[in-house]
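Q: I'd like to ask you about the structure that follows.
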Amino acid sequence: MRKIFIVYAHYDDASFNAAIKKTFIEKAKEEGHEIDSVDLYKEKFDPVFSGEEPDAVVIDHRKRIEKSDTIVLIAPIWNFRMPAILEGWIDKVLAPPWAFKFKKLFGNYGYPIGNLEGKKAIVFCTYGSPQFAIRTFFLNMPTKRLRRGVFNICGIKDVIYKRYFAVPFVTEEKRKKFLEDVKKTASNL
């Protein structure tokens, strides 16, 4: 049994992201996993970081991550990044020195040491663009940034990245296939 912490970032309960969340939770529970989730829009999470100390919400999310072994992000990709509310969550919650710290080599140079080793991450993202455009013109930037620039720095090396392309334009049959992939992902934890 895994303890899963889901961070959901979409404002519309009728969105395909909502269907991904619902499908993943149902299948994960069916498989006997424990689910804890936050809905950043419903909670009105404040994504603005101005250098302040972590507030009660950030500390609560960190404690919930500490109790989990899998972090799941569910969000669309807008303008080649996740929604600002989730980007702000990353900046505030997965921040140093809690999520990682820097080990100095010499002078001001060093490298990050992750504090979240042993955890797994799963990212479910939807795109309005076709796969060809994302891979060719934008070089998979969201994937690389999240995997290398966020999770790996925090010590999370086991990252599964699921992308569903051209969501507003695909058939209902294709959407069902996407949701079958979500179920398969939940089954293979």
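Q: Go through (1) of a type in the set (Lys, Arg); (2) loosely packed, with under 15 Cβ neighbours inside 10 Å; (3) farther than 25 Å from Phe100 by Cα and name the single condition Arg148 misses.
A: Status for Arg148: all satisfied but (3).
Q: Sort through Ile25, Ile74 and tell me the only one that's assigned to a strand (DSSP E or B) and in contact with a helix residue (DSSP H, G or I) (Cβ under 9 Å, 6 or more places away or on another chain).
A: Numbers: Ile25 fails: assigned to a strand (DSSP E or B).
Checking each option against the conditions leaves just Ile74.
Q: When you look at Leu94, is it touching a Gly at 6+ places or on another chain (Cβ under 9 Å), aliphatic (A, V, I, L, M) and either modelled with pLDDT of 95 or more or at negative phi (or both), yes or no? Step through it out loud before you land on a result.
A: On the way: touching a Gly at 6+ places or on another chain (Cβ under 9 Å): no; aliphatic (A, V, I, L, M): yes; either modelled with pLDDT of 95 or more or at negative phi (or both): yes.
It is false that Leu94 is touching a Gly at 6+ places or on another chain (Cβ under 9 Å), aliphatic (A, V, I, L, M) and either modelled with pLDDT of 95 or more or at negative phi (or both).
Q: To continue, here is another question. Restricting attention to the stretch 34-49, which residues are more than 16 Å from Leu86 (Cα to Cα) and over 17 Å from the mean Cα position of the chain (by Cα)? First the steps, then the outcome.
A: Here is the first cut: in the stretch 34-49, the residues more than 16 Å from Leu86 (Cα to Cα) are 34-36.
Within the stretch 34-49, Glu34 is the sole residue that qualifies.
Q: Is it the case, given these coordinates, that Ile4 is surrounded by 14 or more Cβ atoms within 10 Å (Cβ to Cβ), closer than 27 Å to Arg175 by Cβ, of a type outside the set (D, E, K, R) and touching a residue at least 12 places away in the same chain (Cβ under 8 Å)? Break it down stepwise before answering.
A: Numbers: surrounded by 14 or more Cβ atoms within 10 Å (Cβ to Cβ): yes; closer than 27 Å to Arg175 by Cβ: yes; of a type outside the set (D, E, K, R): yes; touching a residue at least 12 places away in the same chain (Cβ under 8 Å): yes.
The answer is yes for Ile4.
Q: Hey, can you tell me all the residues within the stretch 97-122 that are modelled with pLDDT of 85 or more and assigned to a loop (DSSP other than H, G, I, E, B)?
A: Pro97, Trp98, Ala99, Asn115, Leu116, Glu117, Gly118, Lys119
Q: Please count how many residues of the stretch 165-189 are outside any loop (DSSP other than H, G, I, E, B) and modelled with pLDDT of 95 or more. Talk me through it step by step, then tell me what you get.
A: Residues of the stretch 165-189 outside any loop (DSSP other than H, G, I, E, B): 167-169, 172-187.
If we keep only those that are modelled with pLDDT of 95 or more as well, we get 172-187.
Summing the residues that are outside any loop (DSSP other than H, G, I, E, B) and modelled with pLDDT of 95 or more in the stretch 165-189 gives 16.
Q: Right, Asp91: in contact with a Pro (Cβ under 8 Å, 6 or more places away or on another chain) and assigned to a helix (DSSP H, G or I) or not?
A: yes
Q: Looking at the stretch 41-63, which of its residues are outside any helix (DSSP H, G or I), among the hydrophobic types (A, V, I, L, M, F, W, C) and surrounded by 15 or more Cβ atoms within 10 Å (Cβ to Cβ)? Give the steps one after another, and end with the answer.
A: Of the residues in the stretch 41-63, the ones outside any helix (DSSP H, G or I) are 41-55.
Next, from what is left, pick out any that are among the hydrophobic types (A, V, I, L, M, F, W, C): 45, 48-49.
Phe45, Phe49, listed by residue number.
The values are calculated or read from the model by the stated rules, or taken from the named source; none is laboratory data. Keep in mind that this is a model prediction, so the values were computed, not measured. We place every Cβ from the backbone using ideal geometry, glycine too, and count neighbours over all the protein chains shown.
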